[in-house]
Structure formats: structure tokens, C-alpha cells
Amino acid sequence: MSGGLDSFLGAAPRPQRAVLRLLVALARRPRGAALLARLPLAERAACSTLGLGRYDDPAIAAALGWDAAAVVARGRALRREEGRP
Amino acid sequence: MSERLDADVCVVGAGAGGAVVAAELAEGGARVVVLDQGPRHDPDDFTARPPEMLARLYRDGGQTATLGTPPILLPLGSGLGGTTLVNSGTCFRTPPHVLERWARDFGLELDEATLRPCFERVERALSVAEVSPELAGANAAVARRGAERLGWSHGYLRRNARGCVGSGVCVFGCPTSAKQHTGITYIPRASAAGARIVTGAEVREVRVEGGRVRGVGARLAHGRRLEVRAPTVVVACGTIHTPSLLERSGLADASGQRGRNLALHPATAAFARMEEVVDMARGVPQSFYIDEFAAEGIMFEGVAGPPAYAAMALPLTGDAHANAMSDYRRLAQFGLMVSDSSRGRVRTIGGRPVIRYDLCAEDVAKFRSGLARMRELFLAAGAREVYLPLPAGLPPARARARDLTLMGFHPLGTARADARASHGVTDGDLALHGVAGLHVADGSVVPSALGVNPQLTIMALATRLAFRLLGAPVPRAAAPSRSRPVPATH
């Protein structure tokens with residue numbers, strides 16, 4: 001699990017944290033994924049959570065035209081140049 | 001170990017309401033202490049990466065949720081700035097018809113003329129201006145094209161931003177500090193005027209003796225305790241946490257309305273796959289609105305974000321999800337917000353707020369109508385495919401409450417203002433009925449759904465409260481004066 005996704009799950013209230021971790025674990029296993037396919041709401045929650053982690057990967061995001069590091073670097077440069085807080 | 005501070009005014013919470021009250025009072029000469037449970041965020045730590053920022057900038061990692069049908073996520077900001085730190089920056093004044101209703105149903109003397117100087121003052125302080133089409137980006141252009149083809153009323157939104165370059169991550173921490181949230185506007189002003197800002201302070205109780213407020217007790221890091229003695233306390237913990245603090249403090253609730261009347265502006269969003277490259281995260285995510293159906297309680301507003309955000313929000317699973325995400329650059333997204341008639345309730349169980357909210361049939365009907373029109377909008381704009389947030393194959397007209405995937409960005413009403421003590425928690429001056437010196441300044445006092453984003457309403461009400469406490473009229477000049485009288489402490 002990516003560090004970012006782990007932080008996200010760790011910040012959740014206890015009940016959601018436990019449920020989402022279970023769903024993510026199930027979704028990563030073929031038999032678990034097959035089970036989730038019969039539970040649309042659970043499958044959607046698992047897919048959303050896994051998607052949040054997967055597409056946060058800089059290499060995957062870059063292939064889709066998003067470079068978080070560049071956005072942050074531009075922001076820092078602007079703040080310094082213009083004396084923003 | 002215990003620490004004690006003395007102040008004229010103690011403000012609990014540094015979001016839309018608390019920060020404004022604190023700055024105006026401190027600049028008016030009051031000794032102000034501001035307590036906030038969250039941290040002070042350094043923009044150098046903003047990474048533009050959604051999972052990490054959700055964990056860091058939001059309460060509960062953005063996963064606070066209601067119980068009820070359907071469960072609704074309530075993303076709430078944490079830290080100096082509160083939810084203004086993580087909202088989209090959209091600024092609407094309170095609609096006149098809402099003010100008329102407040103006068104009629106709640107006895108509130110808050111007409112347009114009364115609030116105008118408050119709105120003007122806040123808008124100046126936050127550099128509120130309309131987004132330009134260039135900055136709005138291609139995602140807004142898609143919605144605009146659809147609205148123009150359908151002849152629907154629309155426009156570019158006004159936002160509290162200065163020097164925005166369209167980083168596309170307003171809700172994950174603005175990396176350019178362009179968004180003028182209260183953590184970088186009003187809180188520095190309060191601090192410069194001498195206010196003491198204490199972060200990491202969890203206020204456990206408001207202390208009241210003999211019918212008047214005496215101060216607050218808080219917990220700090222490492223088990224330290226802080227007592228603030230003040231003859232005036234302004235509670236501004238937000239709609240979800242303010243009623244909990246009042247309840248924890250053992251304050252009487254003669255109206256029986258504390259924690260009730262929760263409105264959320266429940267919202268959802270649809271995606272569309274376009275022919276053209278959209279790159280939805282390039283530009284201001286919430287820059288455009290369609291208010292054609294506002295009279296029906298339905299408002300469309302822009303929403304967008306980086307791939308990780310889109311993957312989380314996309315209403316698909318399995319191969320369909322992967323396939324749509326592979327074409328992320330051509331995905332467009334737009335949001336739908338309902339001015340709700342449903343009402344929920346916040347209770348405190350085990351020290352935590354527990355939120356119950358069930359979507360009523362009238363609001364379900366608004367979502368059915370809104371989702372059908374959302375599809376119409378995207379098809380008119382030339383979408384190849386539209387992805388509605390409904391179970392596969394379910395047409396909007398047959399959607400039930402449990403089929404909807406909702407979020408609520410604007411909780412309001414749990415300490416509602418009503419001139420009558422038998423009907424409201426606070427009065428028209430935002431003073432708690434029955435307790436002298438105790439005021440509330442956050443979304444909880446807003447007595448009904450607004451149908452528009454509420455931050456400006458909350459800030460205007462907070463401005464009015466601050467000047468009432470100072471015993472001075474709200475100035476019309478741009479520059480804040482430093483020579484106003486100190487607050488009355490009676």
C-alpha cells in the first residue's frame with residue numbers, strides 16, 4: 001500500500017478504517033474481488049479507495065498529464081517571488 | 001500541568017466564523033485568545049497529492065460520515081482556516097429570498113441593506129473576484145458549451161483568490177497561497193493586532209456561572225490543560241462540533257433545537273468522456289455555475305481534480321473504471337448540489353459527534369431531476385459517454401435515496417438563530433439564548449439551507465457579530481481601523 005493511501009486510511013474514523021482496509025485487502029485477491037463483484041456498493045468503495053492510491057503514483061499520474069511535483073514547485077516559486085504567505 | 005490566560009474575548013475555532021470575529025475584535029482593541037484544535041499548516045508542506053493531503057488537512061481524513069440513507073461524506077477542514085482551507089473558494093452572498101424567509105420564519109432582522117457593509121468588508125478582505133474564462137480551464141468550457149446550447153442560465157463564479165494560476169488542487173491545499181482562506185488572511189490580521197493564537201487546543205467545555213459565561217477549559221498536547229478566562233466567548237467550531245461543545249458544557253437547551261435542523265446541501269457529481277482533451281485539473285476546479293434550476297433547489301457547480309481524485313470519484317468499477325481512467329485527459333466532471341428540505345441531527349456519543357441524516361422524498365426528486373439534466377448538459381456539450389453516480393443501468397427517474405452517492409460540503413443549522421428562545425439556540429445577534437456573553441459564529445447559526453455556498457454568509461454574520469460586540473457600526477472604508485472601542489463585557 002502506498003504511503004499516501006496508508007495515511008488516508010489511518011486518518012479515517014475507526015469503523016471506516018477497518019471496513020476500508022478489509023475491502024482493499026479483498027479487492028487485491030482474485031477470490032475477494034469475485035466476492036466484491038456481487039456487492040456493488042462494497043466494490044465501488046474498494047475501487048475508489050484503491051484508485052485514490054494507484055493514480056497518486058507519480059509515474060501513473062504523469063502518463064495522464066498530471067505532475068504534482070511541478071505544480072508544487074511552481075507554487076513555491078510564486079510564493080517566494082511575490083512574498084505570499 | 002495547567003496554564004491560564006485572561007482575555008476580553010475567547011474565540012473557539014479559526015475557520016470562516018471564528019477567524020473573522022477574532023481579527024475584527026483584535027483590531028478593535030480587544031484582548032483576544034483564539035483556540036483551534038488543529039495545527040497551523042505550512043504551504044511548503046502541500047504536495048498536491050490527494051491521499052496525503054486528505055489525511056493532513058481534513059478532520060478524519062475527510063471521511064466524517066452521516067448515518068442514514070444514504071450515508072453522506074462530510075469533508076471538514078482541520079487547522080487554522082478550518083474548512084476555508086480546503087474549500088473551492090466559491091463566494092455567494094446570501095440570496096435575498098433566503099433573507100426574506102429568515103425574517104418571516106425566524107424573526108431575524110438581516111435584510112440586504114443590513115448585511116451589505118458586512119459582505120463588502122469581507123469581499124475586500126478576501127479579494128473576491130470573478131474567475132476569468134481563461135483561468136477557468138477546459139472543464140468549465142465543457143459545461144459552458146452545454147449550457148449555451150441548452151439556453152440555461154450560467155456564469156463564472158466569484159472566488160476568494162488572488163494571483164491564482166489554476167493549480168487545480170484548491171481542496172488539497174493551494175500550493176500558491178492564492179486562495180485567501182482565513183488561515184492566511186484574518187488569522188494573521190488577528191495575530192498582528194495582538195491576538196494570541198493557540199493551536200492544538202481541544203476545548204472541552206465552556207464555563208458558565210450564574211447565567212453568564214466565564215471562559216473555557218481546553219486540553220493541549222502532552223496532557224497539559226489550558227484555562228482561558230473571558231467574559232465573552234465566541235464558539236465557532238463548525239456546524240458538527242459546535243452543538244457537541246455546547247452539550248458537553250452542560251448548557252441548558254430550552255428550545256430543544258440544539259443539534260437539530262442540520263442541512264447539508266447534499267451533492268454529487270457526474271463525469272463525461274469528451275472528444276477533446278480537457279485536463280480537468282488545469283484551471284480552477286470550481287469556476288463555473290449553472291443556476292437555471294435554482295428555483296427548484298438544484299444548482300450545478302464545477303468540480304475537478306488530479307487523477308487520484310478522479311479515480312476516487314468516478315462512479316465505475318473494474319475494467320470500466322480502468323478504461324475511463326486511461327482516458328483521464330478527456331474526462332470532464334461537473335457537480336450537482338441540492339438545497340435540501342431534509343433535516344438531520346447531531347448528537348454526542350462517547351465524546352464524538354454522531355450525525356443522523358436521511359434524505360427525504362422531496363430531495364430525492366431533486367436529485368432525479370438534477371441527474372437527468374446533468375446527462376442532458378454533457379450530451380449537449382458533445383460527450384461521447386456520460387457516467388452518472390448511480391448503479392449501473394439505473395435511470396435517474398428510478399433512483400432511490402439508497403442509490404445515491406452523496407457528499408455534503410455545507411453543514412448548517414444545528415444552533416440555529418431564531419429571535420424566539422423557544423425556537424432557536426441563538427438569537428438574532430448570535431448570542432446563545434439564556435447565557436450572557438456566549439455567542440456562536442459558524443454555519444450552525446444559519447437557520448436554513450441557502451442553496452449556495454455558505455462561506456460568505458458565515459463571514460458576513462461573523463463580521464456583524466464582531467462589530468456588535470465592539471459597539472460600533474460596520475465601517476464602509478476598505479482599511480481596517482485600529483482605534484475602535486474594546487468590546488462591551490456586560
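Read the figures in this text as sums done on the coordinates, not as results from a lab. What you see is a predicted model; the values in this text were computed from it and never measured. Here the Cβ positions follow ideal geometry from the backbone for every residue, glycine too, while neighbour counts run over all protein chains shown.
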For B:I290, A:I60, what ranking results if the residue with the fewest other Cβ atoms within 10 Å of its Cβ goes first? A:I60, B:I290
Global geometry of region B:1-141, whether rounded, prolate or oblate, following the gyration tensor of its Cα atoms and the 1.5 cut on a/c: rounded
For A:A37, what is the net charge nearby, where nearby means another residue's Cβ is under 12 Å from its Cβ and Lys, Arg count +1, Asp, Glu -1? +1
Would you work out which of B:P50, B:G79, B:F293 lies farthest towards the positive end of the dipole of chain B? Charges go on Cβ: Lys and Arg +1, Asp and Glu -1. B:G79
Which percentage, to the nearest 5, of the DSSP beta bridges contained in chain B is antiparallel? 70
per DSSP, antiparallel bridges as share of beta bridges in the protein assembly as shown, % nearest 5, sits at 70
With a cap of 12 neighbouring Cβ atoms within 10 Å, and only residues DSSP puts in a loop, list the GluC sites (Glu not before Pro) found in region B:102-141. B:E109
Ignoring trypsin sites (Lys or Arg not before Pro) buried by more than 14 other Cβ within 10 Å or outside DSSP loops, the longest site-free run in chain A is A:39-85
With each run of n ≥ 4 DSSP H residues scored as -39500 (n - 2.57), what mean residue ellipticity at 222 nm is computed for chain B after dividing by its residue count and rounding to the nearest 500 deg cm²/dmol? -8000 deg cm²/dmol
Over chain A, the sum of -39500 (n - 2.57) across DSSP H runs of at least four, divided by residue number and rounded to 500 deg cm²/dmol, gives at 222 nm -23500 deg cm²/dmol
Using 0.36 nm per residue, how much length does the chain from B:R124 to B:D429 gain when fully extended, once their Cα-Cα distance is taken away? 107.5 nm
9 Å beta-carbon shell around B:I355, net charge (K/R +1, D/E -1): +3
Please give the FRET efficiency for B:V165 paired with B:D6, using the beta carbon to beta carbon distance and R0 = 30 Å, rounded to the nearest 0.05. 0.10
Mind jotting down the distance between the C-alpha centroids of region B:333-349 and region B:245-323, whole Å? 10
Highest GNM mean-square fluctuation among A:A69, A:A11, A:A27, for chain A with Cα springs under 10 Å, belongs to A:A69
For region B:224-239 and region B:389-456, compute the distance between their C-alpha centroids and round to whole Å. 23
Using a basic spin-label model with each label point 7 Å from the Cα along Cα→Cβ, how many nm lie between A:R21 and B:R398? 3.9
Would you mind counting up the charge near B:F92? Only other residues with Cβ under 13 Å from its Cβ, with Lys and Arg at +1 and Asp and Glu at -1. -1
Can you list the trypsin sites (Lys or Arg not before Pro) in region B:189-256 that are in a DSSP coil and have 14 or fewer other beta carbons within 10 angstrom? B:R224
So which GluC sites (Glu not before Pro) in region B:273-315 end up in coil per DSSP with only 11 or fewer other C-beta atoms within 10 Å? B:E275
